[in-house]
2 protein chains.
Amino acid sequence: MNIQGIPGGVCAAKGFKAGGIHSGIKPGSEKPDLAMILCETQCSTAAVYTQNKVKGAPILLTQQNIQNGYARGILVNSGNANTCNPDGMEIAQKCCNLAAQATGLDAADFIIASTGVIGQALPLEPFERGIPQLTSQLSAEGSGAAARAIMTTDTVPKEFAVEFTLSGKACRLGGIGKGSGMINPNMATMLVFVTTDAAIEPALLQQALSEVTAVTFNQICIDGDTSTNDTLAVLASGLAGNPVITERNEDYTMFCAALRDVCTKISRALAADGEGATKLLECVVSNARTEETALAIAKTVIASDLFKAAMFGADANWGRVLCAIGYTPGDFSADHVSLSLKSKAGEVLVCKESAYHPYSEEDASRVLAEKEIQVLIDMHDGSKSGTAWGCDLTYDYVKINGDYRS
Amino acid sequence: MNIQGIPGGVCAAKGFKAGGIHSGIKPGSEKPDLAMILCETQCSTAAVYTQNKVKGAPILLTQQNIQNGYARGILVNSGNANTCNPDGMEIAQKCCNLAAQATGLDAADFIIASTGVIGQALPLEPFERGIPQLTSQLSAEGSGAAARAIMTTDTVPKEFAVEFTLSGKACRLGGIGKGSGMINPNMATMLVFVTTDAAIEPALLQQALSEVTAVTFNQICIDGDTSTNDTLAVLASGLAGNPVITERNEDYTMFCAALRDVCTKISRALAADGEGATKLLECVVSNARTEETALAIAKTVIASDLFKAAMFGADANWGRVLCAIGYTPGDFSADHVSLSLKSKAGEVLVCKESAYHPYSEEDASRVLAEKEIQVLIDMHDGSKSGTAWGCDLTYDYVKINGDYRS
């Protein structure tokens, strides 16, 4: 399957404009905090949200707005999560009304998302001032500005796009995302927005999104805390002119591959930019009994604080990986595990048949000194694979989240 | 129910001697590393172990040895976990043989446990030299020495004992425990050993132990990593002369209360001495739908890295607590939560009806500056309660677990 990386982020696909500005949502901050993505036509829409029982008001409103499977715009603010606010729904609705007024669309055409501190009142004024200005600045070059405006303590904006072919028609799909981090500490929130010009029915788009989420975003872990505001939404304009995908055919498979490609890239970028992170960790589990088991083991290893701290110290402490494999729920054998540590500096086999395998600590330290580390686990227990991504546990994580709010 | 704290640890109950020495298990270390607890008579015995699929050899051998419900001695070493060693079972059996030889008992009379680095060969020589010496030094004053010999990077030994009455007979029950920490970093292991002179059948002892474990040791969390070697064992000598407990009668209830008292004290001590900890955190959930839900919510809050880091920074970041409540699995409502932070410096209500409740940040900082913090969560969703214990996430946790092994 030919999937080609291209620039343009959420504006790569036909029909989409985007932008981001500073509106002053967070007192005393000068950073951009308000983003919009807008399509010239109605889009098939799908979304997945946090499974946290405490959900931000924007999620509840978005669920209502896209119940019919369609949307045209996305309005996002950083600096305030609009969660645990008694008037949260009212404020979210007013923001959508303002976006509708400025664009000439319906309020229910909008997906809305917020990230930042929770339990603090969200004032409407910045939206009243900002939304008309933002709307007038939307452009096909605005993906980067939107990616920056949704950041909290992310250190770099994240945007990716690809080109692929469905039934002979060139299609594009791109996304922006923000991960974990906050200047005024509060829970991190993952927000990801994807646009495509492929034509696909809402029901199939939701299937594709759910399938891809299971092996991408659900397989990253920064600190094990599931936010109240996580949102991943996809808008499909259909402007590429491919035959509308209405069943799980070859085009559906190709579309899923393109969506997975972009979602994997954003997932890796989010993990690499986790709070305080100095290293991207990728755990690849092979030859497991089921795919579910492979994914669960990879996620459990990547979530282990002890393992994460060892990676920060470039310590080939493989016993911690065996330990994490062992406490992964599920029915499998951990008796014949092989374990390698790999980076661009080389690969070191440290464990075979679930026991110590002689290796050079110097080689291991050299491998672990790199910025991207792979932990390769062969379960010798089946034929299924799974991958997860995370980052190391560092002094800066404690600092970012332990310092007094000020 | 009258349960009185007394000194003596595992030697408080009639019939028990203990001791601890340095035998040289860990090269270059001078610390005590070998402990024994011995009873003058056969004991009803019960134990619970780690649920990790990767289990240390000592656990597998102990399971065999106490299958009949009886034991007389406990042999424990620190410095090496004897886990992921191809010859682990053989070494563990030889250690039991040496203990049998030195005491004139059967090898199968012994519970054996190990804690320390995993995946490194455990030499037999220190046991050959040490066990005869250790056996000759056992005494009714030896609980403290045993408690010290099982420590890894624990900073203080943990021992507790109580006196109570069963059918008019004075009974005693005491325990020692070690928690998480290692000088040569590797996974932490919890080991706890309890002795009592109460007379109770093995099957009832196992029931009592499982019930109490669910609300004590299973409710502590240092870093979410379940060790390969966790072991909790109870020996009941019956020398107090009470009528043997053979059913769930009044004496059984009293015995459980005494066992729970000691296990709660050890649990709190383990949490307070977690790796790098500066604070003991206690989360009390009340008015939950079920006890299971109350316990799960308390444990989830206490395990949240974000919450733990906030407590290190004395930051009343209550949104993180709401977030952790929200991602606790189970069927319950998180819509009417009240939340208070409490210590000996006072109590501050920070959240009501799952939304911000006005409070003074200064008051909150003063409360959170203390060494013991209570997080009081009222779910307003039922009538059941549950408690969990943990510690803050600190720079030292990262340092202890992230530094190069040397």
**Item:** Leading residue by the ranking (surrounded by the most Cβ atoms within 10 Å (Cβ to Cβ)) among those in region B:314-323 that are under 27 Å from the mean Cα position of the chain (by Cα) and at pLDDT 90 or above
**Value:** B:Val321
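Kindly check whether there is at least one residue in region A:238-251 that is modelled with pLDDT of 90 or more and either closer than 22 Å to A:Arg268 by Cβ or within 14 Å of another protein chain (Cβ to nearest Cβ) (or both).
Step one: of region A:238-251, the residues modelled with pLDDT of 90 or more are A:238-251.
If we keep only those that are either closer than 22 Å to A:Arg268 by Cβ or within 14 Å of another protein chain (Cβ to nearest Cβ) (or both) as well, we get none.
Checked against the condition, which is being modelled with pLDDT of 90 or more and either closer than 22 Å to A:Arg268 by Cβ or within 14 Å of another protein chain (Cβ to nearest Cβ) (or both), region A:238-251 yields no hits at all.
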**Prompt:** Mind checking whether some residue in region B:188-207 is in contact with a helix residue (DSSP H, G or I) (Cβ under 9 Å, 6 or more places away or on another chain), modelled with pLDDT under 90 and closer than 30 Å to A:Met311 by Cβ?
**Reply:** yes
**Prompt:** Before we move on, is B:Ala214 within 28 Å of B:Ala81 (Cα to Cα) and modelled with pLDDT under 85?
**Reply:** yes
**Message:** Which residue is surrounded by the most Cβ atoms within 10 Å (Cβ to Cβ), if the candidates are limited to region A:380-399 and must be at the interface with chain B (Cβ under 8 Å from one of its Cβ atoms) and either hydroxyl-bearing (Ser, Thr, Tyr) or farther than 24 Å from A:Thr264 by Cβ (or both)?
**Reply:** A:Tyr397
**Prompt:** Filter region A:80-101 for residues that are within 14 Å of another protein chain (Cβ to nearest Cβ) and of a type in the set (Gly, Ala, Ser); which is surrounded by the fewest Cβ atoms within 10 Å (Cβ to Cβ)?
**Reply:** A:Gly88
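Among B:Ile112, B:Ile74, which is the only one that is assigned to a strand (DSSP E or B) and without any contact (Cβ under 8 Å) to a residue 60 or more places away in the chain?
On the way: B:Ile74 fails: without any contact (Cβ under 8 Å) to a residue 60 or more places away in the chain.
Of the residues listed, the single one that is assigned to a strand (DSSP E or B) and without any contact (Cβ under 8 Å) to a residue 60 or more places away in the chain is B:Ile112.
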**Message:** Just to be sure I understand, how many residues within region A:222-250 are crowded, with 24+ Cβ neighbours inside 10 Å and either under 22 Å from the mean Cα position of the chain (by Cα) or in a helix (DSSP H, G or I) (or both)?
**Reply:** 11
**Request:** Sort out which residues of region B:107-130 are in contact with a Cys (Cβ under 9 Å, 6 or more places away or on another chain) and of a type in the set (D, E, K, R), and write them in order of number.
**Result:** B:Asp109
**Prompt:** When you look at A:Thr62, is it β-branched (Val, Ile, Thr) and buried (at least 24 other Cβ atoms within 10 Å of the Cβ), yes or no?
**Reply:** yes
**Request:** Scan region A:326-357 for residues that are buried (at least 17 other Cβ atoms within 10 Å of the Cβ), of a type outside the set (Phe, Trp, Tyr), under 28 Å from the mean Cα position of the chain (by Cα) and at pLDDT below 95 and jot them down.
**Result:** A:Gly326, A:Thr328
**Request:** Could you give me the residue pairs with C-beta distances under 7 Å whose first residue belongs to region B:128-139 and is modelled with pLDDT of 95 or more, whose second residue is of a type in the set (S, T, N, Q) and not in a helix (DSSP H, G or I) wherever it lies, and which are 6+ apart or on separate chains?
**Result:** B:Arg129/B:Ser23; B:Gly130/B:Ser23
**Asked** So, in region B:358-374, of the ones that are over 30 Å from the mean Cα position of the chain (by Cα) and of a type in the set (Asp, Glu), which residue ends up modelled with the lowest pLDDT?
**Response** B:Glu361
**Asked** When residues of region A:34-66 are filtered for being within 14 Å of chain B (Cβ to nearest Cβ), of a type outside the set (Ser, Thr, Tyr) and not in a helix (DSSP H, G or I), how many remain?
**Response** 6
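So, B:Thr115, is that one within 14 Å of chain A (Cβ to nearest Cβ), of a type outside the set (D, E, K, R) and touching a strand residue (DSSP E or B) at 6+ places or on another chain (Cβ under 9 Å) or not? Talk me through it step by step, then tell me what you get.
Working: within 14 Å of chain A (Cβ to nearest Cβ): yes; of a type outside the set (D, E, K, R): yes; touching a strand residue (DSSP E or B) at 6+ places or on another chain (Cβ under 9 Å): yes.
Yes: the conditions hold for B:Thr115.
Looking at the structure I just gave you, is A:Asn77 crowded, with 22+ Cβ neighbours inside 10 Å and either of a type in the set (Phe, Trp, Tyr) or in contact with an Asp or Glu (Cβ under 7 Å, 6 or more places away or on another chain) (or both)? Spell out the reasoning first.
Working: crowded, with 22+ Cβ neighbours inside 10 Å: yes; either of a type in the set (Phe, Trp, Tyr) or in contact with an Asp or Glu (Cβ under 7 Å, 6 or more places away or on another chain) (or both): yes.
Taking the combined requirement at face value, the residue satisfies it.
Just give me the residues in region B:380-406 being charged (D, E, K, R) and in a strand (DSSP E or B), in sequence order. If you could, list the steps in order and put the result at the bottom.
Let us first name the residues in region B:380-406 that are charged (D, E, K, R), namely B:381, B:384, B:392, B:396, B:399, B:403, B:405.
Answer for region B:380-406, where residues must be charged (D, E, K, R) and in a strand (DSSP E or B): just B:Lys384.
Let me confirm something: among A:Val54, A:Val48, which residue is of a type in the set (A, V, I, L, M), surrounded by fewer than 22 Cβ atoms within 10 Å (Cβ to Cβ) and within 20 Å of the chain's Cα centre (by Cα)? Spell out how you get there, then give the answer.
Numbers: A:Val54 fails: surrounded by fewer than 22 Cβ atoms within 10 Å (Cβ to Cβ).
Only one candidate qualifies: A:Val48.
Does region A:47-57 contain any residue that is of a type outside the set (A, V, I, L, M) and either within 22 Å of A:Leu239 (Cα to Cα) or modelled with pLDDT of 90 or more (or both)? Don't jump to the end; show me each part of the working.
To start, the set of residues in region A:47-57 that are of a type outside the set (A, V, I, L, M) comprises A:49-53, A:55-56.
Remaining after also requiring either within 22 Å of A:Leu239 (Cα to Cα) or modelled with pLDDT of 90 or more (or both): none.
No: region A:47-57 contains no residue that is of a type outside the set (A, V, I, L, M) and either within 22 Å of A:Leu239 (Cα to Cα) or modelled with pLDDT of 90 or more (or both).
The values are calculated or read from the model by the stated rules, or taken from the named source; none is laboratory data. In this text the structure is predicted, and so the values were computed from the model without any measurement. Glycine gets a Cβ as well: all are built from the backbone with ideal geometry, and neighbour counts include every protein chain shown.
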